[in-house]
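**Student:** Handing you a structure now.
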Amino acid sequence: MNPEYLTALILGGLTRGSIYALIALGYTMVYGIIQLINFAHGEIYMIGAFTGLIVSTVLTMHGMPGFGVVFFAAAAAIIYACCYGYTLEKIAYKPLRHAPRLSVLISAIGMSLFFQNYVLLAQTSNFLPFPGLIPDFEFWKPYSHVMSATELVIIVTTAIVMVLLTLLIKFTRIGKAMRATSQDKIMASLLGINVNQIISITFIVGSATAAIGGLLIASHTGQINAYMGFLVGIKAFVAAVLGGIGSIPGAVLGAFVLGLSESVFTGYVSSDYEDVFAFLILVLILIFRPSGILGRDQTQKV
Amino acid sequence: MLELKNIQTRYGKIQALKGISMHADPGEIICLIGANGAGKSTVLMTICGITPASRGDIFFKGKNVTHMAPEKIVSLGISQVPEGRRIFPYLTVMENLDMGTFLRKDTKQIKKDLDYVFHLFPILAQRRHQPGGTLSGGEQQMLAISRAIMSRPELLLLDEPSLGLAPMITRQIFDIIRKINQENRTTIVLAAQNANLALKLADRGYVMETGTITLTDTGKHLLANEAVKTAYLGI
Ligand SMILES: Nc1ncnc2c1ncn2[C@@H]1O[C@H](COP(=O)(O)OP(=O)(O)O)[C@@H](O)[C@H]1O
Ligand SMILES: [Mg+2]
């Protein structure tokens, strides 16, 4: 066993895991608060990447220096994705708040297809090249043979997002209200919490992290298309289920377990079945531990 | 303070309230008695806008709140300790109390109120870092009442505060309800199947049967009423 090879696989797995984690958070938070699998979440991530591409292309054309481009592209992608996430909930889910779950699920799948086709029409069905937004930092040069600067940025950004989100959920007034709402909506409104507002905030936060994930993975792989949200979205969903859907630490843990095992599996066994692997894991969890690694039970949420 | 005029509430096809009129004056303790399923909980939930009235009007402090959202209604100064307590099971005791202050900004007074509830129920101070779901039934009831006190209501609605509790804890809780009423002039509406203690505590009472009010009088008179005695006091 070659230790350098294994290290590379592990770092690759951490990078994947980070991306899955950023997306899985959106699934798990939304599930925690309204018990809905938001199938259009992967498309929010795709829209984030497209926004980043458009904004960075325009700004680069106008000669803006690299750091400015990254900043404005990220800001635009996040804001745009949040607007989509917010509107998605208002038009496709809120009117169905008291409808049977199946109706909401169908609405979610419909919105997912709608977003894909909307981007197909408005943009293109082809893969578009995505600029490497992240420069090869001078200080990172000595280590870049082990891990690229982009991978470093992915892992560090994810870590920062996780810490901020944990602080938000654990200690702020809004975070506590989110947890309370996920546990008992009627009691939450009896205490003066505007439940609809909390649900909107949840969609906004989830969309923001998804947009960050979309930008990061796009600058990593160097290309995007309208279907990019689908596969990563499904895998992030698997990660959320693996960790225990509804649980935030669960989603992060599930994402890293999935990312690492995928990476090691493709590195040592076969890369042909890379995408099947996630589904295999999904089937196994659903059989042996439906509540996931950290899921307490069916009622445990956010 | 509170007035309900001919309130009707339905759950789909079931009409749970068939025209309820009642009122509570400032500083009064009112009790609603009636058998299981009479509609007591529905009255309290309708006041708070959780199950909005389909007909009739509700006034709180002179303001028509019938069609307002729950969070707007409670922000006017109403707090409810609902049936089954509804403690947030995965929030700590402290966080549950924090949620009671969600609409408040007066940090200093909040600190004092926290000391006050910990003084009322020292056990909660001991358990402050424990998840709410791990408390015993009596402790959860204390926490539910404390959470309501933390929102400093002018009107406190209590639904079955003694259901499933040992007699000693029940008595303690009723003492504290009286204390809250006397110290802060908080108006109280209390729903109870166990009518005895409730009627002793209350200034006035309403007797409910299948969605209507069949009788209303002072607590004392209701306690002495033969029909009430046989139906609700088990005498
Ligand atoms: N969520 C609900 N859905 C349908 N019917 C309900 C619901 N809650 C209460 N009811 C019905 O409304 C009536 C009044 O119930 P409730 O207000 O809980 O009475 P009480 O508190 O006096 O026991 C009962 O017939 C009950 O079955
Ligand atoms: Mg009841």
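The values are calculated or read from the model by the stated rules, or taken from the named source; none is laboratory data. Since the structure is predicted, the reported quantities are computational estimates derived from the model, not experimental observations. FYI the Cβ positions are ideal-geometry reconstructions off the backbone, even for glycines, and counts take in every protein chain you see. All accessible areas refer to the heavy atoms of the entire protein, side chains included, with ligands and DNA or RNA removed. Shrake-Rupley method; radii C 1.70, N 1.55, O 1.52, S 1.80 Å.
**Student:** Can you run down the residue pairs with Cβ atoms below 9 Å, 6 or more apart or on separate chains, where the first is in segment B:134-162 and more than 13 Å from chain A (Cβ to nearest Cβ) and closer than 21 Å to B:GLU3 by Cβ and the partner is in a strand (DSSP E or B) and away from ligand 1 (no atom under 16 Å from the Cβ)?
**Tutor:** Listed pairs, sorted by first residue: B:GLU154/B:PHE60; B:GLU154/B:ILE78; B:GLU154/B:SER79; B:GLU154/B:THR187.
**Student:** Counting just the residues of segment B:168-192 that are of a type in the set (A, V, I, L, M) and away from ligand 1 (no atom under 16 Å from the Cβ), which one comes out modelled with the highest pLDDT?
**Tutor:** B:ILE188
**Student:** Quick one: which of B:ALA227, B:ALA202, B:ALA195 is at pLDDT 90 or above and over 30 Å from B:LYS105 (Cβ atoms)?
**Tutor:** Selected residue: B:ALA202, the only one of B:ALA227, B:ALA202, B:ALA195 that is at pLDDT 90 or above and over 30 Å from B:LYS105 (Cβ atoms).
**Student:** I would also like to ask the following. One residue is enough: does segment B:209-220 have a residue meeting the conditions within 22 Å of B:GLU83 (Cβ to Cβ) and modelled with pLDDT under 90?
**Tutor:** Yes, because at least one residue in segment B:209-220 is within 22 Å of B:GLU83 (Cβ to Cβ) and modelled with pLDDT under 90.
**Student:** I need a count of the residues in segment B:82-100 that are more than 9 Å from chain A (Cβ to nearest Cβ), open to solvent by 10 Å² or more (accessible area, probe 1.4 Å) and over 19 Å from B:VAL189 (Cβ atoms).
**Tutor:** Residues flagged as more than 9 Å from chain A (Cβ to nearest Cβ), open to solvent by 10 Å² or more (accessible area, probe 1.4 Å) and over 19 Å from B:VAL189 (Cβ atoms) within segment B:82-100 amount to 2.
**Student:** Name the residue, out of B:ILE14, B:ILE33, B:ILE29, that is within 10 Å of ligand 1 (Cβ to nearest atom), of a type outside the set (Asp, Glu) and under 16 Å from the mean Cα position of the chain (by Cα).
**Tutor:** Being within 10 Å of ligand 1 (Cβ to nearest atom), of a type outside the set (Asp, Glu) and under 16 Å from the mean Cα position of the chain (by Cα) holds for just one of B:ILE14, B:ILE33, B:ILE29, which is B:ILE33.
**Student:** Kindly list the number of the only condition in (1) in contact (Cβ under 8 Å) with a residue 60 or more places away in the chain; (2) farther than 17 Å from A:ASN194 by Cα; (3) within 10 Å of chain A (Cβ to nearest Cβ) that fails for B:SER79.
**Tutor:** Only one criterion in (1) in contact (Cβ under 8 Å) with a residue 60 or more places away in the chain; (2) farther than 17 Å from A:ASN194 by Cα; (3) within 10 Å of chain A (Cβ to nearest Cβ) is unmet by B:SER79, namely (2).
**Student:** Which residues, taken from segment B:1-58, are in a strand (DSSP E or B), within 16 Å of ligand 2 (Cβ to nearest atom) and either free of Cβ contacts under 8 Å to residues at least 40 places away in the same chain or within 14 Å of chain A (Cβ to nearest Cβ) (or both)?
**Tutor:** Those that are in a strand (DSSP E or B), within 16 Å of ligand 2 (Cβ to nearest atom) and either free of Cβ contacts under 8 Å to residues at least 40 places away in the same chain or within 14 Å of chain A (Cβ to nearest Cβ) (or both): B:TYR11, B:ILE14.
**Student:** Six or more apart or on different chains, Cβ under 7 Å: which pairs go from a residue in segment B:195-215 that's without any contact (Cβ under 8 Å) to a residue 40 or more places away in the chain to one that's in a helix (DSSP H, G or I) and away from ligand 2 (no atom under 16 Å from the Cβ)? Could you list them?
**Tutor:** B:ASN196/B:LEU233; B:LEU197/B:THR170; B:LEU197/B:PHE174; B:LYS200/B:GLY219; B:LYS200/B:LEU223
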